[in-house]
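See below for the structure under consideration.
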Amino acid sequence: MDVSDLVDTTTGRQKRTIYSNEELYKQELERIFGRCWLFLVHTSQIPKAGDYFRTFMGEDDVIVIRQKDGSIKAFLNSCTHRGNRICRADRGNAKAFTCNYHGWSFAPDGSLAGVPLENEAYFGELDRSKLGLVQVTHVAEYKGLVFGCFDPDAPSLEDYLGDAKFFLDVWLDAMPGGTSLLGETQKMELGSNWKLPVENVCGDGYHLGWAHAGAMSAVQSMDLAGLSVGNSSTNLEGGLSVAGMNGHMALTSLDGISGYAFYPEPKPMMDYLEANRPTAIERLGKVRGEQLWGSQINITIFPNLQFLPGLNWFRVYHPKGPGKLEQWTWAMVENDMPDEMQAAILDNQCLTFGLAGLFDNDDGDNLAACTEQSRGWRTAQMDVFTNMALGRSGPRDGFPGDIAAGLVSEHNQRYFYRRWQEHMQAESWAEVPTYNINSLSVEEPENA
Ligand code: FES
Ligand SMILES: [Fe+2]
């Protein structure tokens, strides 16, 4: 389906049908979720051989499993006999997966290990070597984050991430101990198209002070740099909206502390930042060590991974049809953080985002209603707009990307829809453009 008229990033306009049309949704499963690198698991979630984690790539149910040699493989969770699900648990450790239907069993490397009545019923004629689990074409890791990709022609994960690594490293590589995701997966179903929460988090600073006014007043001292309703000193200048990195985006307050300053007891957080700032500067360079590490940063890896150093949630969205999704959330921590700080982060994440999160409840209601109002015969023909601060972006010393000043603009959303359109129009990866705008301005660490 031609989508050239459905998104216009030069004027900042989308047709609402992109949130409700079944045919477009099937095209997204093929051209976006079937083509892009998708987050599968954090290495901390499957530390030992045989540890597995079940997730989704688009609507495909996938088992990710640590092999004996330490490598990680991913397989479709579907029996090669008649298609049944072979793994029903969310995570665990397995020596084999045995199908409930007729008892075929598969080894952790995906090979077909056992077939009941193999000689008697199949007369020894079954070629087991051709009936192993279907393997996800590419699996690769970037500093603890494991991604998978179905498309044999996809660029490498490093190339796919491009300049977004500049921001990813602020979380993944500032401290020598690495990172972890805490606890079990917090799963929430939402009656929303999958693109709406992604565009909300990737760039929508506009809604913070209005949609979250109640939540912000309930979470003491969190007024997000003057964005809250009724604050007469509203400051729209602080922070950056960064896009133009192969469809990935960042939104950041750029002050080095605001990620933790709003905690009910911020002192231990501030002490941690102060004590470790020299390490962060040594590892990341001055710009990132001083201005980004410790800041609030919303990082989006196209199409469906988002995480927020500062509020410390980490999330993936799994589409379940044009009007439905599952969002999976974890708290994320640096392993060097003291235990009490990790516990405070998990508490705060549960209070703000996740199943009972005050902020997620605000967003969920708005996003579900926006989806619902794109389903009607007449409403589906209407436009929605992402035209704020059009044409007001450019380079900034020390940073990659095409950058708009401030947290309140629709700059990042336009790049998100641009990338969506590029993938939806392309027949293959060969037709998908690569762009890492202003890449040369990336600052190298001082000791590099
Ligand atoms: S469907 Fe799995 S053994 Fe038959
Ligand atoms: Fe929100």
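A short reminder: the numbers here are calculations on the coordinates, not readings from a lab. Predicted model, so just to flag it, every value in this text is computed and none were measured. Every residue, glycine as well, gets a Cβ built from its backbone with ideal geometry; the counts of neighbours run over all protein chains shown.
Just a few scattered comments:
- The chain - Cys residues lacking any other Cys C-beta under 4.7 Å: Cys36, Cys87, Cys149, Cys202, Cys350, Cys370
- Cα pair count fraction exceeding 21 Å, expressed as % - segment 38-139: 31 percent
- As a proxy for reagent exposure, ranking Met216, Met388 by other Cβ atoms within 10 Å from fewest up yields Met388, Met216.
- In the structure shown, the pairs Lys26/Lys143; Lys48/Lys286; Lys95/Lys324; Lys143/Lys286 are assessed against 29 Å; a Cα-Cα span above that value is assigned to Lys26/Lys143; Lys48/Lys286; Lys95/Lys324.
- For the peptides 30-42, 58-70, the ranking by packing is 30-42, 58-70, with the highest mean count of neighbouring Cβ atoms within 10 Å listed first.
- Exposure proxy ranking, count of Cβ atoms within 10 Å, fewest first, for Tyr415, Tyr101: Tyr101, Tyr415
- Stretchable slack from Leu29 to Leu390, in nm (0.36 nm times residue separation minus alpha-carbon distance): 127.0 nm
- The gain in end-to-end length when the Ala49 to Arg277 segment is fully stretched comes to 78.5 nm, 0.36 nm per residue minus the alpha carbon separation.
- Over the chain, all Cα pairs binned in 10 Å intervals from 0 give whole-percent P(r) values of 4, 20, 30, 26, 13, 5, 1, 0, 0, listed from short to long.
- Ranked by the mean number of other Cβ atoms within 10 Å per residue, highest first, peptides 134-143, 252-261 order as 252-261, 134-143.
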